[in-house]
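These notes concern the structure reproduced below.
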Amino acid sequence: MHQRFLDPQILAGIANLELTARTVVDGFIAGLHRSPDFGFSQEFAEYRQYVPGDDLRYVDWNVYARSGRLYLKRYHGETNTRLTVLLDRSNSMEFASQGIRKIDYARYLAASMAYLAHHQRDAVGLITFDDDIRDFIPPSSRQGQWMKVLHAIDRAEPGHRTDFAKPFLQFQEVLRSRGIVLVVSDFYADPETVARTVAPLRHRGNDVILFHVLDPMEVAPVFNEPKILIDLETGQEMEVSPEYAVGPYRRKIDSHLAAMKSEAEAAGLTYLLAETNKPLDRALREYLSIRQGRL
């Protein structure tokens, strides 16, 4: 796969978010077509894997002859997956150590997911939030929906502190139909609180994926002299020594990440750490694998 299409440093040089999303998804799909993993190598909008009980009249026997696997042609009138992206635009998402803010990476991710859903003819919607809902676009597959979602992602700039409780209570009111829910956030909150707040979405029959967006310096800070660190949400300052960074801080962040993963999985949520220096393909693959399971 051409990793350069998914490299956030290269994507940062593309001024237009629409072009960024198209570059990511088109490069990703081109890579899947060359992949030996046949399950991901078809035009996703056209095929789905056979499951017992399906009508054999719709099997594509040409595909079967080439691969030995049964796939059904899908038709454009079928009901597709419903995707809702929940994008955190709180102040802490402003942080960047290497030129790419967490909010920028989160926007690349959200825009690429929305475009991939659009490409699949899925309904796509968006909620942006900090301590309240700032944008809400109900899921739809109508013409023009992708651009409406894209424009809302584009204007999602860090604003206030994070408060998961209030927005997620509202999410439960507006997300009435089942589908896939992607929560893109740096999750600066107690892991148990996050899982407890998000879990009701899972209980309503949604597949929920938590994309934990962090800067690599937040995960494994390295510096040679004391630094003054500023909390972007509270404005509080703290002097941090190199010894603290590699010792107590590292133990705390490792513990936080482990707790996020275990609490999420215990609640039936899919958890992925997405560092801002890493390609976006893992996130796209996770969405597709869950989507295929819903077809």
Taking the conditions exactly as written (of a type in the set (Val, Ile, Thr), at pLDDT below 70, out of contact with any Cys (no Cβ under 6 Å at 6 or more places or on another chain) and closer than 30 Å to Phe168 by Cα), does Thr79 satisfy them or not? yes
Looking at the structure I just gave you, is Glu275 surrounded by 15 or more Cβ atoms within 10 Å (Cβ to Cβ), modelled with pLDDT under 85, touching a helix residue (DSSP H, G or I) at 6+ places or on another chain (Cβ under 7 Å) and not aromatic (Phe, Trp, Tyr)? no
Within segment 136-147, how many residues turn out to be surrounded by 14 or more Cβ atoms within 10 Å (Cβ to Cβ) and either within 15 Å of Asp122 (Cβ to Cβ) or touching a Lys or Arg at 6+ places or on another chain (Cβ under 7 Å) (or both)? 7
For segment 106-197, list the strands (runs of 3 or more DSSP E) that sit wholly inside it and hold at least 3 residues that are without any contact (Cβ under 8 Å) to a residue 24 or more places away in the chain; which are they? 133-140
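For (1) closer than 23 Å to Ser90 by Cβ; (2) of a type outside the set (A, V, I, L, M, F, W, C), each residue gets a yes or a no:
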{"residue": "Gln236", "(1), (2)": "yes, yes"}
{"residue": "Val240", "(1), (2)": "yes, no"}
{"residue": "Val246", "(1), (2)": "no, no"}
{"residue": "Ser255", "(1), (2)": "yes, yes"}
{"residue": "Lys261", "(1), (2)": "yes, yes"}
{"residue": "Glu265", "(1), (2)": "no, yes"}
{"residue": "Leu272", "(1), (2)": "yes, no"}
Pairs only if they're at least six apart or on different chains, beta carbon under 7 angstrom, first in segment 274-285 and free of Cβ contacts under 8 Å to residues at least 60 places away in the same chain and assigned by TED's automatic domain parsing to the domain that holds Leu87, second outside any loop (DSSP other than H, G, I, E, B) and not charged (D, E, K, R); list them, first residue then second. Arg282/Leu272
Report yes if Arg161 is within 26 Å of Pro8 (Cβ to Cβ) and modelled with pLDDT under 90, otherwise no. yes
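The values are calculated or read from the model by the stated rules, or taken from the named source; none is laboratory data. Note that this is a predicted model, so its numbers are computed, not measured. Cβ sites come from the backbone with ideal geometry, for glycine too, and all protein chains shown count toward neighbours.
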